[in-house]
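The values are calculated or read from the model by the stated rules, or taken from the named source; none is laboratory data. Values in this document were obtained by computation on a predicted structure and should not be read as measured data. Counting neighbours? That spans all protein chains shown, and the Cβs are built from the backbone with ideal geometry, glycine included. Remember, those area values only see protein heavy atoms, side chains included, never the ligands or the DNA or RNA. Shrake-Rupley method; radii C 1.70, N 1.55, O 1.52, S 1.80 Å.
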Amino acid sequence: MKGRLQDMAVADLVQHACQDRKTARVELKKGWLKAELFFKNGNVVHAAMGGKAGEAVFYELFDWDAGTFELKADVDPPEISITRNWTSLLLEAARLADEASGRFRADAAGYRARRDLLDRNAVAGTESVSRQESAGFEVFGVAGATAAAPGSAESASKDLVAVSPQELIDDLSSQVEGHQLTCLTQMRGEGLYWSASSKVEQEEMVEQVNQFVKLVNTVSQRLSPTSLEDNLLSTETAYLLVRLLGLDSYYLLVAADKQKANLGSMRHLSGVFADRLRKTLETRSG
Amino acid sequence: MGEDLQTLLRDVRSDLGEDFVASDIIGADGMSIAGESADDGYAAELVAASMAMIMKTAAKLSGNLGLGKISENLLTTNDRIAVSRALGDGSMYWLLVAKSEATLGMLRAVMDQYELRMWGAIPT
């Protein structure tokens, strides 16, 4: 059985497989991300993605609202990483999704619509967005993330493009292969939006990256009178990409596993999202 | 006997053609030991010192974050691309500056081709 997650949500897929008491493997794909779900006699017993496994992966997959799936029956799981009953698993996933969504993220379709509006705005330039469409434009927190930007309360009441920086950061993070960290911040250390795939001492890291970015920015002025666009640092294990937004010393930081990341697409995506973030921040600051 | 650094840098310039702006072999102290430039206005000493500083700070950052040794830093401005690589044991850096019209993949391929030879040509 094959299909699109737009047509059959992960929750429906799980319900279908479990009610039929299937033993099966489901391969899920979203952009460059690939994950596997295993069912044994009608229960979810294993979820794996990019070296991670268990309930946390399942909860992440639960949130996928786009992508493809392929179910192959009678495939045994390579290991058991989930022992919770499937109904309880779905309820917990729904609870976590609600918690993460806050008031504004519950409707994924709404987000996609807002993102489409942003894209259309980028093309049309002057297209207006109604108050109703912009409902939900506000900073929200997700597990492991912090969000605080100047002017957010005022922005919510304006007829502006309705995508929050945190939504964009999350979106970018989900598209970068081997993603480790995405962060939007300012060189002076304000306005932090954050998404990390593993536990990171964010304040310490941002402080150190800030010093590095300031230095790179200064050096780029010596190299050429025009402005810095981006800086990519390659280490033994990771790519660390910094892209300036050209707005109020904001920059976007993306870190990814060097073995898994595609450097070209990482640079391209950072450019696309830096542009979207700049537009969003501009509208928020009025 | 190793190759001549200056000759290698000229070969790199020749390989990149119009896209080449400048290239330097820089010590960890920020001093250039060999350089080639196609731009009269290029402030070689200042850029060399600055790039060494970037690489040192990057190495410190990478160490603190547990990301291993630095292999390359790529800085892009509106009209320039600057690639810095640590050579050999990391005591020297190779800086290559090109116009932004240059193909990044090509720049990196050229550096891959010359990297070991550059290190081998550094007088010991």
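At a probe radius of 1.4 angstrom, the accessible area of the stretch B:5-121 per residue rounds to 42 square angstrom. Residues in the stretch A:43-74, backbone N under 20 Å from the label point at A:GLU92 (7 Å along the Cα-to-beta-carbon vector): list them, ranges by number please. A:43-64, by backbone N distance to the label point. FRET efficiency for the B:ASP39 to B:ASN64 pair, using the beta carbon distance and R₀ = 35 Å, is estimated at 0.50. Rounded to the nearest 20 debye, the dipole size of chain B about its Cα centre is 520 debye, using +1 on the Cβ of Lys and Arg and -1 on the Cβ of Asp and Glu.
Extending 7 Å from the Cα toward the beta-carbon at both A:LYS52 and A:GLU79 defines two label points whose distance is 1.5 nm. Computed from the Cβ-Cβ distance with R0 of 60 Å, the FRET efficiency linking A:ALA9 to B:GLU18 stands at 0.65. The HN-Hα couplings worked out from phi for the stretch A:46-51 by the Karplus form 6.51 cos²θ - 1.76 cosθ + 1.60 (θ = phi - 60°) are 7, 9, 9, 7, x, x Hz, whole numbers, x standing for Gly and Pro.
Between the residues B:VAL97, B:TYR42, B:GLY66, the greatest Cα displacement towards the positive end of the dipole of the stretch B:5-121, with unit charges on the Cβ of Lys, Arg, Asp and Glu, is found for B:GLY66. The slack between B:ARG117 and B:ASN78, meaning 0.36 nm per residue of separation minus the straight C-alpha distance, is 11.0 nm.
Considering only alpha-carbon pairs that sit under 8 angstrom and 6 or more positions apart, the relative contact order computed for chain B is 29 percent.
Taking amide H as placed 1.01 Å from N in the peptide plane, B:ARG80 has its amide H under 5 Å from the amide H of B:SER100, each at least 5 places away in sequence or on another chain. Label-to-label distance, B:LYS99 versus A:GLU70, with points set 7 angstrom from Cα along the beta-carbon direction: 4.6 nm.
Given their separation in residues at 0.36 nm each and the Cα-Cα distance between them, B:ALA28 and B:GLU3 gain 6.9 nm when the chain is fully extended. Kirkwood analysis of the stretch B:5-121, using all unique Cα-Cα pairs, places the hydrodynamic radius at 14.1 Å.
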